[in-house]
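Report on the following structure.
Since every read-out is calculated from the coordinates, none of them should be taken as a lab result. Predicted model, so just to flag it, every value in this text is computed and none were measured. Please note: Cβ atoms are built from the backbone with ideal geometry, for glycine as well, and neighbour counts cover all protein chains shown.
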Amino acid sequence: MSEPLYDMVAIGNALVDVLAHATEEFVAEQDRQYNMKKGTMSLIDEVRAVALYAQMGTGIESSGGSAGNTMAGFASFGGKGAYIGKVASDQLGDVFRHDMKAQGVTHETAPLAVGAPTGRCLILVTPDGQRTMNTFLGASVEMGVDDIDSDLIASARITYLEGYLYDREQAKRAFQKAGEIAHDAGHRVALTLSDPFCVDRHRADFQYLVENHVDILFANEDEIKSLYEVENFEQAAKIVSGKCEISALTRSEKGSVVISGDQIIEIPPQKAKVVDTTGAGDQYAAGFLYGFTQGMDMKTCGLLGTLAATEVISHMGPRPEIKYADLVAQAKAA
């Protein structure tokens, strides 16, 4: 086993998030016209992205992407991390690269010189805090096997994979190569299922991955039920137990459940005013994996994830507004 130089490397769709408040009526109308399902992610093309952006209210733009958000939170805890994701040689791409490096995250994936622009995710936040995401993948789908830095992957304790990547074949091959390199180096692979519709599209592949190639699984209640096509959470949790080393399953206001071997650990929720749920699952994974890479017990790992998720839903945007390192003492004292 090689000695890790990084705590974690994350691989995902490099996107810039555009967040704006929206009414329930607006989202419902978009659903009728474009099948935009509230609380989920839909893939859109560039034409649709331009049209929807023009209809959105005043918002904020920030570097995003699920795994990118997790990596930003992980670095905020004090973890040493790297990120692999494709942007274009354009203004949004420059913003994304600058943001990652400013947070202390290594990001050296070569930008796309010609072709699609940097991807973006248009996020509508309704008054209940739910986020409805519309993603134009842009340059992010051009990431392929050649973008996977074998030395980088082999030097990380954990390789964290974003389930959304499975929507494109060449990204899927890159994803598979990264997992093989990590395991060959004696390190762990973590996967987030990302979205119930993503699970619907790739259910058989995800089931195979979880059972054969994933050590640490992250999923919310809807995603894990979709993965095993069952009606209730308890059934899904029972099935996934034993499929991989650790399963960390989030349940919104019900907290989360961590399954590790014979251990079933329930992590209670923290009180928070919900402003925007964008990034909640991403930051839960950040906190959990930071604790795990630092040798903390499962309960503390889960609590770190909960504290990070609680912070991010208290404001607009998917990344921390405080230094997550300050949460470590709070979790250890609980």
Taking the range 1-146 and dividing mean pair separation by its residue count, relative contact order in percent (alpha carbons under 8 Å, at least six apart): 37
Fraction in percent of alpha-carbon pairs per bin - 5 Å, the range 211-330: 2, 12, 23, 24, 20, 12, 6, 1
Gaussian network model of the chain, Cα within-10 Å springs - most flexible of Gly281, Gly73, Gly59: Gly59
Residues Asp222, Asp94, sorted so that the one with the fewest Cβ neighbours within 10 Å comes first: Asp94, Asp222
Cross-link table Lys177/Lys243; Lys86/Lys271; Lys273/Lys332; Lys243/Lys273; Lys38/Lys86; Lys38/Lys299, entries beyond 25 Å C-alpha to C-alpha: Lys86/Lys271; Lys243/Lys273; Lys38/Lys86; Lys38/Lys299
Added length on full extension, which subtracts the Cα-Cα distance from 0.36 nm per residue, Glu266 to Lys37: 79.5 nm
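Once every DSSP H run of n ≥ 4 in the chain is given -39500 (n - 2.57) and the sum is divided by its residues, what mean residue ellipticity at 222 nm do you get, rounded to the nearest 500 deg cm²/dmol?
Value at 222 nm, helices only, nearest 500: -12000 deg cm²/dmol.
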Rounded if a/c under 1.5, otherwise prolate or oblate - the range 197-245, Cα gyration tensor axes: oblate
The range 101-147: equivalent-ellipsoid semi-axes (sqrt of 5 x gyration tensor eigenvalues, Cα, Å): 27, 16, 9
Net lengthening on full extension, Arg48/Glu321 (0.36 nm per residue, minus Cα-Cα): 95.2 nm
Three-way shape call for the range 110-267 based on the alpha-carbon gyration tensor, with the a/c threshold at 1.5: oblate
Pairwise Cα inverse-distance average, inverted: Kirkwood Rh of the chain (Å): 19.6
His183 paired with Ser150, simple spin-label distance in nm, labels 7 Å along Cα-to-beta-carbon: 1.8
Length-normalised contact order for the range 96-175 - Cα pairs under 8 Å, 6+ apart - percent: 24
Considering only the range 75-152, percent of DSSP beta bridges that pair antiparallel, nearest 5: 75
Gyration tensor verdict on the range 264-326 (Cα atoms; rounded if a/c is under 1.5, prolate if a/b is larger than b/c, oblate otherwise): prolate
